[in-house]
Amino acid sequence: MADKCWMKEVRELSYDIEDFLDEIALAADAMLIAGKVSEFRERAQEASQRRRRTRYGLCHPTSRRSSRRRCSSSSTRRPPPRFGADVDVAAADEVARWVANDDGEEERGLKVAGVVGAGGTGKTALAGEVYRRLGGQFERRAFVRAAEKTDLGRLLRDMLSQLLGRHHKHLQDHACVDTPDLVKFIRESLYHRRYLIIIDDLWSTSLWNYLRRAFPEDNNSSRIIITSQVEEIASSCCNYHSGSIFKMRHLTTDNSRKLFSRGVLGSKDGFPGHFREISADIINRCGGLPLAIVNAASLLASQLAVMDEQEPWNIYNSLASNLRRNSTTEVTGQILNMSYNNLPHYLKTCLLYLNIYPADYTILKDDLVKQWVAEGFVDVIKDQDLEEIAGNYFDELVERRMVQPVDVYYDNKVISCTVHSMVHDFIAHRSIEDNFIIVLDNSQNSIEISDKVRRLSLHFGNARYAKTPENISFSQVRTLGFFGATRCLPSVAEFKILRVLILYALGEKRGPPVVDLHIIGELHKLRYLKVSCDSRIKLPTRISRLKCLETLEIEAKVTALPSDIVHLPRLLHLRLPDETNLPDGFGKYMTTLVTLVAYLDLSGSSIENVESLVDLINLQDLHLTCCNLQSVQLLWETMNTFGFVIESLVNLKSLSLAVGFLNGTSSTDHFSSATTRMSWQMCTPPPLLQRIDLSPHVCTFSTLPNWIRELGTLCILKIAVRKLGDGDMDVLGGLSALTVLSLHVSDAPEERIIFREAGFPVLSYLKLRCSVANLAFEERAMPRLRRLVLGFRAAGIAEQQPGRTPVGMEHLLSLEVVTARIDASCANEADRMAAESALRNVVKARNLFGGIAPVVNIRWVDRQITSTEESKTVGEDQPADYPTSKNEFSGRRIIESSSLPGRSFTCHNPGMKLHERVPMTPWETVLVLSESCFSMFSGPETGFTSTPAIFIARGAILNNSLEILYNGQHINF
């Protein structure tokens, strides 16, 4: 207790000194300064004497040096734990069989399963493993977390965003929607589709009863998996069907040993010599609980680098004395407490900071890194960037299993995380003890609050009338987090010394149409500002007064972008929303920028404005959203200039060009066919480039650019070419650092695309889109490839095998998942069977030779989709936005004529065959028919040009009737 009091005392002293220095910087007063300095000296002396009396040391110096060494170098760090590493394989297989079983009419209906078990037994890991294995077989899928005090609106938005991918952008034109509308949108997006939904850590049957309204019951073999710590809740969700309830079992001794060994040594191999007895007893004391085992393993692993022969026994004795065979919660809690106490001080601070986010949040690494730097948590190390050090802090928290990875890119970089509910409860308790962060929700107005609140986080969720308690003084709050409705926002004018401001605000139909944030301009000490809001916001007109601002991220529509934004002297990171143009010539003023994520009107921007990017000499990360094609000639000039600009940015590490949305519509609709021939030339590319991500609708090269071969540090490449030239694959295979490759080839290759033995030594993810899958994989090719994603046409495959199907996939010995999206247009049944057989042969071949067979997910579509594929979220190949049903409307008799308000259409060929379906909004679908079956006239009422064979429909043709959704009205014929 004495050590905690001393640390708290020193922390408060340091805060007071920093606040005072800020105060005198604004108005110096000699008498005030002298008095305060005397006070601080006296407090420091008292703290020092108290420390000597308690003979307390911060941490073992060897341990600190070890931790610092790990944080300063990521090259020796073990890969992050992967989804499925902690799971009982037999249990995952059992649930996977339940998901895949669709034999019989009853099994083809919507089914709900409940996975039940105490905290720390591996429910989330099991659900995640099933999701990873089988998610690609479903047209729509989502994995959401429902904490004990979950925000229903945010949960629904998260689900909708995962289900619709980029199409979720359309909801920006319908902002401030209430939860009933979100339920409706989700239901419409799942209508007539096969879907997989996982709801993790459910705590309430009432929440389930509300959520179930969003899930249509059909015969598409859709599945929902619920995990819960409460058996009654899990049973209720699946209507007490015993065959759909899966109870978590504690791990067997053998599986516990493997998990512990993997956590300590990075492999399943047993412990050598004197470690064997220690590990066996620790494993036994963990009682088969995955969370306890992995945290005990990480505790031991964190000390291995500096251990002498005696130290393993010291750790063992500490574990043995603290771990007793108590309940699940107590055993795991004891290990968490020991793991926390073993952390170096800077990791303790960073871990406690996660309490600023609600329990079920998915937190971006990039956000945490910038926030930790702004807070001053990062210790300076010579010749190292502060954000690089902070990134290593994050990686070590992952390695120590204090946070759980959510999105892991295929170069093993964790880019988002969540906090296990038990860990979150632990850090919430410690935060209150240390007065580190005060968290308030709508039910905690009576919580005991320190007289000095340094960090405040308001978790108001869907509450409409929540407010901050009046007994809180804002004068010393340096960090404010807000998660709730816009009407509940506190007045930030009262937070005079605020350094970090995080606003996640949800608009309401009855709330203000514009959220006025102009008062932020008075927060002169602000270093970090992030605003995420589905209402329009008003920024300060004189934002340049924020002289200390280093990070500005706006994820909301703005009434106007302040023109003086270019005069923020310390701005390092700038993120702006679509359709927000930067001022002309911004580059020559914003030379401090390291990150720029912004909108660029390719054909509307002046050449001078594009050229101004050259002045961003410190830029490392450039992500441009390209919209609004108007002039092809200007586009050509812009792209040529752009190549010159990129060549000049010598510090650039990441380059991305994406297709944005214009007035709620994907800008691919505004790009002409000429766009796909655009490219640029460079003599010498930036030497530090690690990532290139180019949308095919912005840039498609005629062949692979020559400058690609010079990028020895390139890790991620997403590129489109019209055709592959001789030797292009050898060039790509020679990129020694390449871990992710996404390649779109427009023209069918004349020769086989061969992946040779010596190429792609570290590639772990390959996506290849080409009209013909004329591929060959040599023995020992791509030894680390884990995921293969293919897109090709099936037509003619049966007649031209093997020249049109992949061969040699059995040589990919590390392959875990194969996902294929196959164009079925003009293909007969023989073509379909030949295509599927070629892909599934890899499973047969692997089983034949005793290897572990990869999961094969095959999706049939009516055409190849390329417009938005390259912008999918990280890590996984997301489910298609298009249905795979086999022409479910074929053969139906459609009414021969009818009319819509102000418009009419006529069916020229009843009984036509559905050619394809393209989503336009979450509740509308455009049906494009293989023959000219309908005529729609153009006009301002429809917003469409005159295009035969297109009409807006919900997709419901039942009992010889057609249901149309037109301007929000359902019309039945």
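The values are calculated or read from the model by the stated rules, or taken from the named source; none is laboratory data. Because the structure is predicted, anything quoted here is derived from the model rather than measured. Here Cβ is always computed from backbone atoms with ideal geometry, including for glycine, and neighbour counts include all displayed protein chains.
When you look at L526, is it within 27 Å of L489 (Cα to Cα) and in a loop (DSSP other than H, G, I, E, B), yes or no?
Yes: the conditions hold for L526.
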Residues that are under 30 Å from D201 (Cβ atoms), surrounded by 22 or more Cβ atoms within 10 Å (Cβ to Cβ) and at pLDDT below 95, drawn from region 359-390: A359, D360, Y361
Looking only at region 695-717, filter to residues that are touching a residue at least 60 places away in the same chain (Cβ under 8 Å) and of a type in the set (A, V, I, L, M, F, W, C); which one of those is farthest from L732 (Cα to Cα)? V698
For the list (1) outside any helix (DSSP H, G or I); (2) modelled with pLDDT of 85 or more, I need the number of the one condition that K268 fails. (2)
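Condition first: of a type in the set (V, I, T), at pLDDT below 80 and in contact with a helix residue (DSSP H, G or I) (Cβ under 6 Å, 6 or more places away or on another chain). Now tell me which residues in region 840-859 satisfy that.
Residue satisfying the conditions is V842 alone.
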Looking at region 526-565, which of its residues are within 22 Å of R455 (Cα to Cα) and in contact with an Asp or Glu (Cβ under 6 Å, 6 or more places away or on another chain)? R527, K530, S532
For region 706-741: of the residues being in a loop (DSSP other than H, G, I, E, B) and hydrophobic (A, V, I, L, M, F, W, C), which is farthest from the chain's Cα centre (by Cα)? L724
Which members of region 529-559 meet the condition of being touching a helix residue (DSSP H, G or I) at 6+ places or on another chain (Cβ under 6 Å) and part of a loop (DSSP other than H, G, I, E, B)? S535, P540, R542
State which residue pairs qualify: first residue within 18 Å of R536 (Cα to Cα) and part of a loop (DSSP other than H, G, I, E, B) and inside region 560-572, second residue modelled with pLDDT under 90 and not β-branched (V, I, T) in any location, beta carbons under 8 Å apart, and separation of 6 or more residues or different chains. L561/N581; L561/L582; L561/P583
Test for V378: is it over 30 Å from A118 (Cβ atoms), in contact (Cβ under 8 Å) with a residue 12 or more places away in the chain and assigned to a loop (DSSP other than H, G, I, E, B): yes
Residue pairs qualifying under the 6 Å Cβ cut-off, at least six apart or on distinct chains, with the first in region 451-475 being under 14 Å from P490 (Cα atoms) and the second being charged (D, E, K, R) and surrounded by fewer than 18 Cβ atoms within 10 Å (Cβ to Cβ), are F474/E494
Could you look through region 231-251, keep only residues that are out of contact with any Gly (no Cβ under 7 Å at 6 or more places or on another chain) and polar (S, T, N, Q), and pick out the one that is modelled with the highest pLDDT? S236
Filtering region 201-222 for residues that are surrounded by 16 or more Cβ atoms within 10 Å (Cβ to Cβ) and within 17 Å of R140 (Cα to Cα) leaves a count of 8
Return yes or no: is G604 of a type outside the set (A, V, I, L, M, F, W, C), crowded, with 20+ Cβ neighbours inside 10 Å and at pLDDT below 95? no
In region 220-256, residues that are more than 24 Å from A146 (Cβ to Cβ) and of a type in the set (A, V, I, L, M) total 1
